[in-house]
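Everything below concerns the one structure shown next.
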Amino acid sequence: VEGDSRSVIRKINNHEQDFSDISARTWSAKEITKEFQSCAFHFIGRSGNKTAHAMAQKGLSRGEDGYWVEDAPTLVEAATAEEYRLHEPP
């Protein structure tokens, strides 16, 4: 799981009790990990979340709940390709 808030990711990855204002959310994130064999939380800068933004935009524009099983919408695929090119090692 990637997030663009370094402090939130630190709180989730910290194994000590969280008494901050967002403790309910960090506790919830930690609880969700118990449903998986493996789960990791990583910080990624805002420039690296264009795909997530494109997915959210597309989802909001639909006006109804839904999910993608195989093929993502063109807008999302384009954002993913751009991110890949930006982060591809030389």
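The values are calculated or read from the model by the stated rules, or taken from the named source; none is laboratory data. For clarity, every value in this text was computed on a predicted model and none was experimentally measured. So basically every Cβ, Gly included, is an ideal-geometry build from the backbone, and we count neighbours across all protein chains shown.
Just so you know, in the range 63-90 the residues that are among the aliphatic types (A, V, I, L, M) and surrounded by 10 or more Cβ atoms within 10 Å (Cβ to Cβ) include one that is modelled with the lowest pLDDT, and it is 86. The residue that is modelled with the lowest pLDDT, among those in the range 37-60 that are surrounded by fewer than 13 Cβ atoms within 10 Å (Cβ to Cβ) and touching an Asp or Glu at 6+ places or on another chain (Cβ under 8 Å), is 46.
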